[in-house]
Amino acid sequence: MVTIGALWLAIILSASGVWIASAIVWILLPHHRSDYRAVPDEEAARAALTAGITPGQYNIPHMTSRSELKNPEALKKFEDGPIGFLTILPRGVPSTARGMVLSLIYYLIVGLMVAYVASRTMAAGADYLAVFRITATVAWLCHGFGVIPDAIWFGRPWSAVVKHLADALVYALITGGFFGWLWPTA
């Protein structure tokens, strides 16, 4: 059996590789620039949202229970629209450093999960492609598939989900490559 401790270098290098790839994807590549659109009359929208709204998640129209749909006025709000979900962040320029650190921590946790599954399913000396296949699959599931419910339930555009899954596949291939390369031989 392979211990997770024997995979520490693969965990760290795969997380670092994914962190670098993620930075390249989000900073240099153009494919995510169309994921978000501007609202019409942004200044009016900003003014409306500034009135007493605090950081958090919101939905419009807001209901506390589905039983409110029996009320014709509440039902009309849905028929007239808009229907949406909104996340408000604290004021000020969002911290890139904080996001970069938290994403690296996330990638380390994914690497740890990948190491756990791989260490429980393969022995030392396993073939590179066998290790690559298992670890890349687990990494793809971790990096990519959690966003699908956002499209199903919260209206995230499927085009953004597909791009996210493609990015996650790149991250998974990097992870699988490091784990296959650094897999213990004995």
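The values are calculated or read from the model by the stated rules, or taken from the named source; none is laboratory data. This one's a predicted model, so the numbers in the text were calculated from it and none came from an experiment. Here the Cβ positions follow ideal geometry from the backbone for every residue, glycine too, while neighbour counts run over all protein chains shown.
Taken as a whole, the structure leaves F85 outside the set of residues that are farther than 24 Å from P30 by Cβ and part of a helix (DSSP H, G or I). Within the range 97-150, the set of residues being part of a helix (DSSP H, G or I), over 13 Å from the mean Cα position of the chain (by Cα) and not hydrophobic (A, V, I, L, M, F, W, C) comprises R98, G111, Y116, S119, R120, T121, Y128, R133, T135, T137. Looking at the structure I just gave you, is V162 over 19 Å from Y36 (Cα atoms), modelled with pLDDT of 95 or more and either surrounded by fewer than 14 Cβ atoms within 10 Å (Cβ to Cβ) or aliphatic (A, V, I, L, M) (or both)? Here the answer is no, as V162 does not meet what is asked. Going by the conditions given, is P157 surrounded by 14 or more Cβ atoms within 10 Å (Cβ to Cβ) and farther than 30 Å from A45 by Cα? Taking the combined requirement at face value, the residue does not satisfy it. A count restricted to the range 1-45 and to residues that are part of a loop (DSSP other than H, G, I, E, B), of a type in the set (D, E) and either more than 21 Å from the chain's Cα centre (by Cα) or crowded, with 17+ Cβ neighbours inside 10 Å (or both) stands at 1.
Which count do you get for residues in the range 22-73 that are hydrophobic (A, V, I, L, M, F, W, C) and in contact with a Pro (Cβ under 9 Å, 6 or more places away or on another chain)? So the count comes out to 1.
Within the range 57-75, being surrounded by 10 or more Cβ atoms within 10 Å (Cβ to Cβ) and not acidic (D, E) holds for Y58, N59, I60, P61, M63, L69, N71, A74, L75. Scanning the range 66-109 for residues that are among the basic types (K, R) and either within 26 Å of T54 (Cα to Cα) or modelled with pLDDT under 90 (or both) turns up R66, K70, K77, R91, R98.
In the range 71-85, the residues that are more than 25 Å from R156 (Cβ to Cβ) form no Cβ pair under 6 Å with any partner that is hydrophobic (A, V, I, L, M, F, W, C) and surrounded by fewer than 12 Cβ atoms within 10 Å (Cβ to Cβ), whether six or more places apart or across chains.
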